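Okay, so here's the structure we're looking at.
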Amino acid sequence: MNIHWIQHVPFEKLGNIEEWIASNNHQLSCTKQFNGDPLPDLKDIDFLIVMGGPMSVYDTDKYSWLDDELQFIKSAIAHNKAVLGICLGSQFIAASAGAKVYPGSMKEIGWFPIQIHDYFTSDVISFFSNNPTVFHWHGDTFDLPDNAELLASTNEVKNQAYMIGNKVIGLQFHLEQTQETVKEMLLYCGEELTSGGQKVQSSQSIIDNKLNFEANKKAMFGILDYLSSKASH
């Protein structure tokens, strides 16, 4: 299977997704937006992964590539590709479906539990334990697209994970993180922690929380297995 991922900044990497891709012998290509790389031809990819970044979907005056990426994601979904969006990527998917993306009422940075919604039948929710603790790093939020089903929430930020049809998933949080990638985020974006607040943890608290990586990885691999099975149909 041909997997393409979009990277917005050098320090937002695939994390444990790279391990899953290697172990399944999939082909991998990348558009590095910060290098001005071109987006691929959709006929050459089966599965699109859109990663995070410190910019916002609406920062079109600062980043000339935002509109092109938005249209590319919209086209990928229209062409029935499997698509996974993480953090900024989930906001891109929401915007491509016509939903509004905007600053949230507060930042969520650190390890916090999410509530998994089980009011509809979805194979995806089976990959999560009850109210799992996941890694958050976001200030923006979004309205739920009209054609989406909500998978998970927190009390402060309702739209944390959603599905569109059976091939598109958006995750506001980061299941892909490893101890190494978390340290990189702290190195390059650590100034955001100075805002403090109820949902912003200290760098030490974030680094010391080592118990959730394996559970998050298991959930991430389950979602990747699910989407890759749909990508082949």
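So that you can scan it fast, the table gives a plain yes or no per residue for (1) more than 24 Å from Glu18 (Cβ to Cβ); (2) modelled with pLDDT under 95; (3) in a loop (DSSP other than H, G, I, E, B):
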residue: Asp146; (1), (2), (3): yes, yes, yes
residue: Glu176; (1), (2), (3): no, no, yes
residue: Tyr188; (1), (2), (3): no, yes, no
residue: Ile206; (1), (2), (3): no, yes, no
residue: Met220; (1), (2), (3): no, no, no
Is there a residue in region 152-168 that is in contact with a helix residue (DSSP H, G or I) (Cβ under 9 Å, 6 or more places away or on another chain) and assigned to a helix (DSSP H, G or I)?
-> no
Here are Thr154, Thr194: which of them is farther than 30 Å from Ile45 by Cα, of a type in the set (Val, Ile, Thr) and surrounded by fewer than 16 Cβ atoms within 10 Å (Cβ to Cβ)?
-> Thr194
Subset of region 15-62 (residues that are of a type in the set (Phe, Trp, Tyr), closer than 21 Å to Gly222 by Cβ and not in a strand (DSSP E or B)) | Trp20
Go through (1) within 28 Å of Lys199 (Cα to Cα); (2) assigned to a loop (DSSP other than H, G, I, E, B) and name the single condition Tyr102 misses.
-> (2)
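The values are calculated or read from the model by the stated rules, or taken from the named source; none is laboratory data. Note that this is a predicted model, so its numbers are computed, not measured. For neighbour counting, all protein chains shown are included, and Cβ atoms are generated from backbone atoms with ideal geometry for every residue, glycine included.
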